[in-house]
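First comes the structure, then the notes that go with it.
Read the figures in this text as sums done on the coordinates, not as results from a lab. Note that the coordinates shown come from a computational prediction; the quantities given were computed from them, not determined experimentally. When we count neighbours, we look across all protein chains shown, and the Cβ atoms used for this are built from the backbone with ideal geometry, even at glycine.
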Amino acid sequence: MVLAQDGPSSLEEAARVIEGPRDAASRFLETLIQRTDSLFGGDQVYDAPTGSYLQLGGGTTLQRSQDGGTDSFPLTRAKVNLPHTSERVQLLVDRNIESVTRSLSDRAAATAAGQGGADAGTFVGLRGVAVEQAWVRITADAGVRPRGLTPDPYARMRAEKVFHIGAWKVPLSETLLWRRSDEASAATQVGLYRALRDDLALALFSNATWRSRTQAFDLSEVATLTRRLGTQAIVSAELGVYGSTETSTQVNAWSMALRYRRKLGRDWLLGEVRPQLIYPRSNGFQPVPSLTVSLEVFFGQGRLPGL
């Protein structure tokens, strides 16, 4: 005899109730790890497996005159999947080859700590995806930073993998970089991501970069708490500490930043406001306040989906 079922079991109903928030939290966490929508940071999109796009824009950083005064900067970034390569060979255009996967606030603090210099020159290169399996993703790229009569070539290889430990996701990457202007470096980065709610996530990142020029490590620890505000905006609080082992292991700078980014009426137009306080050793750990305002325009399909 077959018994008819009047409706779903209580277990199935409970699963459906949990499934919605869980899926939303998972999507939010994946967004933070891959940065494929460029709404948060717009930085690691360089290494994310996204389609072709072009980003143009600029920003202005306001500081006190004794801290350097007002400074404007361009934002130029492009990644073009070359035809007939199954998206495995890409043309790249970006600025500051070493720090493309770091947020602008992270870069500013690292520069104040004396890490990697302040070079923000544009480079052009070709990247190939060598291995893209479930266990690891390896990319290699080479190119040049045009610099008058003395171009600055570079070559880089990067391996990355995301592990799962309970509720945490752990991205691990190793990057080998050679530049004629700065010899060689090897950067190891370990992250910890966890969704606290469907609209709130915590990210912790540790970075150690060994430089052949100094025969020492540059070190950083950055913690970021990110809140999604609907589908149009995101806000994040960032705290970082930066040090080195060049003479002895020491802290060279602290940083606190608040970033607010949102779509400005269109999916291809983004604005950001970022107040930041940096406490560099070179200034006796006295605060250096700044306010950065930037505007970015994206060209390319599917670049900015809702969060």
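For Phe285 and Thr60, what does the FRET efficiency come to when R0 = 25 Å and r is the distance between their Cβ atoms, rounded to the nearest 0.05?
Details: r = 26 Å, r/R0 = 1.05.
With R0 = 25 Å, the Cβ-Cβ based efficiency is 0.45.
Run the numbers for Gln250 and Val293: contour at 0.36 nm per residue of separation, minus the present Cα-Cα distance, in nm.
Taking Gln250 through Val293 to full extension adds about 12.3 nm, to one decimal.
Each residue of segment 105-116 in turn: what ³J(HN,Hα) in whole Hz from Karplus with 6.51, -1.76, 1.60 and θ = phi - 60°, glycine and Pro shown as x?
5, 5, 4, 4, 5, 5, 5, 5, 8, x, 9, x
Of the chymotrypsin sites (Phe, Trp or Tyr not before Pro) in segment 130-170, which ones lie in a loop per DSSP and count no more than 10 other C-beta atoms within 10 Å?
Trp135
Could you rank the peptides 181-189, 234-242 by their average count of other C-beta atoms within 10 Å per residue, with the highest value first?
Output ranking for 181-189, 234-242: 234-242, 181-189.
Once phi is turned into θ = phi - 60°, what whole-Hz ³J(HN,Hα) does the Karplus curve with 6.51, -1.76 and 1.60 give for every residue of segment 168-182, x standing for Gly and Pro?
Values per residue, Gly and Pro as x: 9, 10, 10, x, 10, 9, 10, 10, 9, 9, 10, 10, 4, 6, 9 Hz.
So the label point goes 7 Å from the Cα of Ser52 along Cα→C-beta, right? Which residues of segment 64-84 then have their backbone N under 16 Å from it?
77-84
Mind checking which lysines have their C-alpha under 22 Å from Lys161, skipping anything on the same chain fewer than 8 residues away?
Lys79, Lys169
Given R₀ = 45 Å, FRET efficiency for Asp71-Ala167 by Cβ-Cβ distance, to 0.05?
It comes to 0.65.
So what J values fall out for segment 70-79 if you push phi through Karplus, 6.51 cos²θ - 1.76 cosθ + 1.60 with θ = phi - 60°, rounded to Hz, Gly and Pro as x?
Whole-Hz 3J(HN,Hα) from phi for segment 70-79: 6, 9, 10, 8, x, 10, 9, 7, 8, 9.
Mind ranking 204-216, 66-78 by how tightly packed they are, going by the mean number of other C-beta atoms within 10 angstrom, highest first?
Values: 204-216: 15.6, 66-78: 13.4.
Going from most to least packed, we get 204-216, 66-78.
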